Amino acid sequence: MADSANAGQGGAGHDDEGTSRRDFLYLAVGAVGAVGAASAVWPLIDSLNPAADIRALATSRVDLSPIEEGQAITITWQGKPVFIRHRTAEEIETAEEVPLDDLIDPEPDAERVIEPQWLVMVGICTHLGCIPLGQSSSDPKGDFGGWFCPCHGSHYDTSGRIRKGPAPRNLDVPTYEFADDTTIVIG
Amino acid sequence: MSGLKTNNRVIKWFDHRLPVFSYVNEHLVDYPAPRNLNYMWNFGSLAGIALVIMIATGLLLAMQYTPHVDHAFDSVERIMRDVNFGWLIRYIHMNGASFFFIVVYLHMFRGLYYGSYKAPREILWGLGVIILLLMMGTAFMGYVLPWGQMSYWGATVITNLFSAIPLVGDSIVSWLWGGFSVDNPTLNRFFGLHYLLPFVIAAVVFLHLWALHRFGSNNPLGIDAKGPQDKIPFHPYYTVKDMFGLGIFLILFALFIFYAPNYMGHPDNYIEADPLVTPAHIVPEWYFLPFYAMLRAITFDISIPFTGIVLIDAKLGGVLTMFGSILLLFFLPWLDSSPVRSSRFRPLHKQFFWVLVVACLVLGYVGAKPPEQPWVTIGQIATAYYFAHFLIILPLLGRLERPKPLPASISDPVLKSDGSGASQAKPMEKA
Ligand code: HEM
Ligand code: FES
């Protein structure tokens, strides 16, 4: 670009390295222009992000009392399925006994629950987003007695932790709290 | 070429002001093409015709279709049952996508076999790879529109690929969705993009042809034309040949449309999307299967040996492998270091080419299978071969292989074809 800028040979403002004041102006204008263009483009890109009505999606309130021990239900929260499982003593025990070294994504069972009998998780496989099977009693539950994702074969244990297969992380635990003994509020 | 020949004064008047007639004449009538092109050179024009068919039927579908999660599935069923000839238009569009890919894949393997990507056609080849990527995006988003179970779960799995990107992955995915899962905003933007991208493809096709006509077509011998005796005008020789090929294409196309319209589809896509139930077995459309197999081939983390520090986890590894398999094609002209284009004169390359074809077919087969043994291992071997072919075998062959002697010119082997072993070209195969 210096070529055309310096066409009028020996013009004023040359320093020893052969750069000119005009080169500097080109760069400065280019930089300001780039910043301006970027800030003009941002609203366009950001318009594709979740809109206010979608972000405002309310929290979900769930009554746990009808769920018998050993049963599980699926509810939706922010358009995503949430698994709520009333775990049996046996399931809790197996989950607690696993040595952390055996885990792909080490996390003790106690950190994944508020009350050990209630396991609440986002029911979306952390691999590529399928919904693992294991909620109903007739579903395959995988090699670790929890959930099995049929899409690419991820096995989750009774704490929803990834044990085998391509998924990198345990099933996510959403933020939730107990409103009273048998009601939780998710979100 | 002497340019447009016409006595029509209106055409002359117009052409003087806007030379479209001269342009068409230069590129589709007088255009000098090598005289020995075989039927593998039909697929380019077929791809162009397929694009026109897709745009025409797509436009008519768009006039009946409703891009809303509550209505999309029903509006497609209405097209099938109530709209006059709606079933025909939709079946043409659905099977048209498959035929488009068949034609383009054959077109690409033709290029691989005859070395059409070599200098001076590197840009031409690269533009072709861009067209392939755009087609994949278009077909993927089109498949989401009928909002069936496969639409929904295919969209979920594929958009989730981007969550493998470190740090920003999750933000990118929610940006793609416009929400927290695949939902109405996703369907709307996919419809918008599905409408737009074919026109972008048309623009890149234009550049592709521009690059093609700069040096003209390659040919089965892979040698440059030495003069006018090696060329024949596009019209009538290749217009006729292309029309004949189109006839065959349309017969096969019609067989599917009228007798097996759902053969290449998946029955689950006639069940409306349900965000709470994943189908037992998610498979993409057949034309994505080889890539899907490569995605699933990476079942292991890549870590620094003995430290247990994971550099690339299995998920990111699969995604990189899948996209890498296509991006690799951009570098093909420089990976293949042999100066000889056509495999006819490259005895080793010819064999490895067919191994590559088999590897791709195996990948396609594995992609349709559940992720269990022995398919996982077979998929890994085929994936390894695919990459080795381009990254190891081709660069080595250029050095190790001893090509057969090249004929002196395109017309040479034709003229002394009887008995002389100089080439396997079928005499006058073409004109
Ligand atoms: C590169 C060219 C194109 C390809 C490869 C392509 C591919 C596809 C595919 C695979 C489907 C799903 C078919 C099904 O399962 O029902 C589809 C649907 C659709 N496409 Fe396209 N398409 C192309 C061009 C277009 C254009 C240009 C338009 C609009 C002008 C369009 C409008 C539609 C509509 C409205 C649907 C939904 C209706 C349906 O599912 O049948 N397409 N497309
Ligand atoms: S999405 Fe669950 S294993 Fe791939």
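For peptide A:122-135, what's the mean number of Cβ atoms from other chains within 10 Å of each residue's Cβ?
Numbers: counts 1, 2, 4, 4, 3, 7, 15, 13, 7, 8, 1, 3, 0, 1.
Per-residue shielding by partner chains comes out at 5.
Per-residue mean of foreign Cβ neighbours for A:80-93 is 1 (Cβ atoms of other chains, 10 Å radius).
Take every residue in peptide B:172-181, count the Cβ atoms of other chains within 10 Å of its Cβ, and give the average of those counts.
Numbers: counts 0, 1, 4, 5, 2, 5, 6, 10, 9, 7.
Taking all residues of B:172-181 together, the mean is 5.
Please compare each pair in B:Lys12/B:Lys226; B:Lys12/B:Lys118; A:Lys141/B:Lys369; B:Lys118/B:Lys404; B:Lys231/B:Lys404 to a cut-off of 29 Å on the Cα-Cα distance and tell me which ones are over it. If you can, show how the numbers build up before the last one.
Working: B:Lys12/B:Lys226 34 Å; B:Lys12/B:Lys118 39 Å; A:Lys141/B:Lys369 20 Å; B:Lys118/B:Lys404 18 Å; B:Lys231/B:Lys404 24 Å.
Among B:Lys12/B:Lys226; B:Lys12/B:Lys118; A:Lys141/B:Lys369; B:Lys118/B:Lys404; B:Lys231/B:Lys404, the Cα-Cα distance tops 29 Å for B:Lys12/B:Lys226; B:Lys12/B:Lys118.
The H on the amide N of A:Thr183, modeled in the peptide plane, is under 5 Å from the matching H of A:Leu64, each at least 5 residues off or on a different chain.
In what sequence, highest mean first, do B:144-155, B:105-116 appear when ranked by Cβ atoms within 10 angstrom?
Taking the mean over residues of other Cβ atoms within 10 Å, the ranking is B:144-155, B:105-116.
Over all distinct Cα-Cα pairs of chain B, the Kirkwood formula returns a hydrodynamic radius of 24.1 Å.
Modelled spin labels at B:Leu88 and B:Tyr263, positioned 7 Å past Cα toward Cβ, are 2.1 nm from each other.
Over the residues of chain B, the helix contribution to mean residue ellipticity at 222 nm works out to -19500 deg cm²/dmol, using -39500 (n - 2.57) for each DSSP H run of at least 4.
Take the alpha carbon gyration tensor of chain A, find the square roots of its eigenvalues, order them as a ≥ b ≥ c, and report rounded if a/c is under 1.5; if not, report prolate when a/b exceeds b/c, else oblate. Prolate, since a/c reaches 1.5 and a/b exceeds b/c. Taking Lys and Arg as +1 and Asp and Glu as -1, the other residues whose beta-carbon sits under 13 Å from that of B:Gly111 total +2. If I take all pairs of Cα atoms in the protein assembly as shown, what percentage of them are more than 45 Å from each other? Everything past 45 Å amounts to 34 percent.
Which whole-number percent is the relative contact order of chain B (Cα, under 8 Å, 6+ apart)? Could you put the intermediate results ahead of the total?
Values: 529 pairs, mean separation 92.5, N = 431.
Over chain B, the number comes to 21 percent.
Residues in the stretch A:146-154 carry Karplus couplings, in order, of x, 9, 9, 9, x, 5, 9, x, 9 Hz; the curve used is 6.51 cos²θ - 1.76 cosθ + 1.60 with θ = phi - 60°, and Gly or Pro positions show x. The spacing between the stretch A:72-136 and the stretch B:148-201, judged by their C-alpha centroids, is 27 Å.
Taking other Cβ atoms within 10 Å as a rough exposure proxy, B:Leu134, B:Leu176, B:Leu209 sort from fewest to most as B:Leu209, B:Leu134, B:Leu176.
Sorting the segments B:376-382, A:145-151 by their residues' average number of neighbouring beta-carbon atoms within 10 angstrom, most packed first, yields A:145-151, B:376-382.
The Cα atoms of the stretch B:68-151 give a gyration tensor whose axes a ≥ b ≥ c have a/c of 1.5 or more with a/b greater than b/c, which makes the shape prolate.
Here the label points at B:Arg81 and A:Leu57, each 7 Å from Cα along the C-beta direction, are separated by 3.0 nm in the simple model.
Each value in this text was obtained by applying a stated rule to the coordinates, not by laboratory testing. Remember, it's a predicted structure, so these values are computed and weren't measured experimentally. Positions of Cβ are backbone-derived with ideal geometry, glycine not excepted, and every protein chain shown enters the neighbour counts.
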